[in-house]
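Single-structure report; data block below.
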Amino acid sequence: MRRLRILQIFSRYIHFGGEEGFVDSFRNASLPFHDVTDYQGSTEELLGRSFSNKLMLPVRAFHSSRVANELRHLQKKGSFDLWVIQNALPGLSPSVYQTAFDLKVPVVHYLHNYRMGCTNGFFLNHGQPCERCLGGNFWPAFQTACWRNSRIISGFMGLILRRVRSVGLFCKVPAWISISDFQKKKHVAMGIPAERIHTIHHFYESSSPPPPTPTSGDTLFLGRLSQEKGVDLLLRAWAMVKNKNRRLVVAGTGPEESYLKKLASDLNLANVVFTGFLDKEQQVSLWSNSSALVVPSIWDEPFGMVVLEAWAKERPVVAYAKGALPELIQHGVNGLLADPFSVEALANNIQELIEKPDLGLRLGKAGNLRLKNEFNRTLWLSRIESVYQKVVPV
């Protein structure tokens, strides 16, 4: 295929996550074959700091003339063959979509969460599974204040999503990319035509060989400390584990950090370490000292990039069997799966890896092999190129 000019669009969240990490991976993997320019906004920019900015928040969330004008200018200057939208809501507003349609620029839209059918994007309502808005009626979100505990914020997001649906976005975007088959099924249920959704798993490539796995190393959680990640259940499970003076290391930051530290104190968990946010260089020693990774998510993870990262280090993964995680992890082959929300089942799986270090080594090596065979850059490039060929005029 010819070299394309691609505009990658992404609205950053307040806290860094795997989605933002993939934006960099997408650009770096694409650059040898295509020209990629980034256009980014953020939720923080949308919220603003001044009182007048906050008063104008509802207007800017529905339509941003600034975003529309900047995109028109970029398109005129760059003559992009297509736009790859990683995320536009809420930071950049639906103006991104309308501008693309007005300019008749082909769009490839990544799906990283469930935002199109849920105001908070997680299908969680105050910690409980909820899909009441999946079909497009977002009134329950307003009633229950399910996003940021605010009826106003939840209601406005619901109105924005109704507007997005009303302009026919689901059928006007020629290609949507889901990152798992599980996620694709959810979006088909929302109303996106199945034939327009292409499942392309993420890839992960490590720049260094796996560090040796210590037989009595740390049990690691690595990610955002927010409700959907289920770290409170992990702490309760750790309280049940006969850990033989092993450590549970919780690496990351987020809105739940203070609550989780207090919970660990209330449970008398002296061997739990909270590291705060660590960059990639700081994470090197984190992985070297770990024997296993735990992914206790209570939401339906659309993929689970951290699983690939653990496999790159030949570390086994313990996770709840929710969302796309069973699509990645084969129980007893390259990891262990626990019944969702069960503290006892999670504790039992962690205990098993502590008691059987040889099992952890075997699972980690099997995960590493699957990573190399099925989640590599070459396969990802081949699959994304096939999507481009469908949407970009020859």
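Residue by residue, the range 231-242 carries 3J(HN,Hα) couplings of 5, 4, 5, 4, 5, 5, 5, 4, 5, 8, 7, 7 Hz when phi is fed to the Karplus relation 6.51 cos²θ - 1.76 cosθ + 1.60 (θ = phi - 60°); x denotes Gly or Pro. Across the range 293-394, the volume of the C-alpha convex hull divided among the residues equals 88 Å³ per residue.
The angle between the Cα long axis of helix 65-78 and the main principal axis of the chain comes to about 80°, on a 0 to 90 degree scale. Packing, taken as the mean count of other beta carbons within 10 Å per residue, orders the peptides 123-134, 90-101, 309-320, 259-270 from highest to lowest as 309-320, 90-101, 123-134, 259-270. Residue by residue, the range 275-285 carries 3J(HN,Hα) couplings of 9, x, 6, 10, 7, 4, 5, 5, 6, 4, 5 Hz when phi is fed to the Karplus relation 6.51 cos²θ - 1.76 cosθ + 1.60 (θ = phi - 60°); x denotes Gly or Pro. Taking every DSSP beta bridge that has both ends in the chain, the antiparallel portion is near 5%.
Each 5 Å bin from zero holds the following percent of Cα-Cα pairs in the range 218-374: 2, 10, 21, 24, 23, 15, 5, 1, 0. Please give the helix 377-391 orientation as an angle from the longest Cα principal axis of the chain, in degrees from 0 to 90, rounded to the nearest 10. For helix 377-391, the angle is close to 20 degrees. Note on the range 84-199: with charges restricted to the Cβ of Lys and Arg (+1) and Asp and Glu (-1), its dipole about the Cα centre is near 180 debye.
Against the chain, whose longest principal axis is taken from its Cα atoms, helix 357-374 shows a tilt of about 20°.
Here the relative contact order of the range 218-374, from alpha carbon pairs under 8 Å that lie six or more residues apart, stands at 25 percent.
Fraction of C-alpha pairs exceeding 20 angstrom in the range 334-394: 54 percent, rounded to a whole number. With distances taken between every two different alpha-carbon atoms, the range 66-206 has a Kirkwood hydrodynamic radius of 15.9 Å. For H198, the amide hydrogen comes within under 5 Å of the amide hydrogens of W176, I177, S178, counting only partners 5 or more places away or on other chains and with H modelled in the peptide plane.
In this structure, the amide hydrogen of V295, modeled 1.01 Å from its nitrogen in the peptide plane, lies closer than 5 angstrom to those of V318, A319, Y320, counting only residues at least 5 positions away or on a different chain. Of the residues F375, N137, H202, the one whose Cα sits farthest toward the positive end of the charge dipole of the chain, with +1 on the Cβ of Lys and Arg and -1 on the Cβ of Asp and Glu, is N137. With the simple spin-label model, which puts each label point 7 Å out from Cα in the Cβ direction, the S265 to V284 separation comes to 3.4 nm. Restricting the trypsin sites (Lys or Arg not before Pro) of the range 322-380 to loop positions (DSSP other than H, G, I, E, B) with no more than 14 neighbouring Cβ atoms within 10 Å leaves nothing. What number, in percent, do you get for the relative contact order of the chain if the mean sequence gap of Cα pairs under 8 Å and at least 6 apart is divided by its residue count? Over the chain, the number comes to 14 percent.
A simple spin-label model places pseudo-atoms 7 Å from Cα toward Cβ; at Q351 and N137 they are separated by 4.5 nm. Using the Cβ of R236 as centre and a radius below 12 Å, the other residues enclosed give a net charge of -3, where K and R count +1 and D and E count -1.
Taking the Cα centre of each part, how many Å lie between the range 340-394 and the range 141-208? About 23 Å separates the Cα centre of the range 340-394 from the one of the range 141-208.
Using unit Cβ charges (K, R positive; D, E negative) and no other charged atoms, how large, in debye to the nearest 20, is the dipole of the chain about its Cα centre? Don't skip to the end; give the middle numbers.
On the way: 46 positive and 34 negative charges, 199 e Å.
Computed charge dipole of the chain: roughly 960 debye.
Find which of G168, G158, H187 sits farthest along the positive direction of the dipole of the range 146-188, computed with +1 on the beta-carbon of Lys and Arg, -1 on that of Asp and Glu, about the Cα centre. Towards the positive end, the residue furthest out is G158. Take the Cα of E374, step 7 Å toward its Cβ, do the same at K104, and the gap between the two points is 4.3 nm.
Taken together, the values in this text are just the output of simple stated rules run on the coordinates, not laboratory data. Please read all numbers here as calculations on a predicted model, not as lab measurements. All Cβ positions, even for glycine, are placed from backbone atoms using ideal geometry, and neighbour counts span all protein chains on display.
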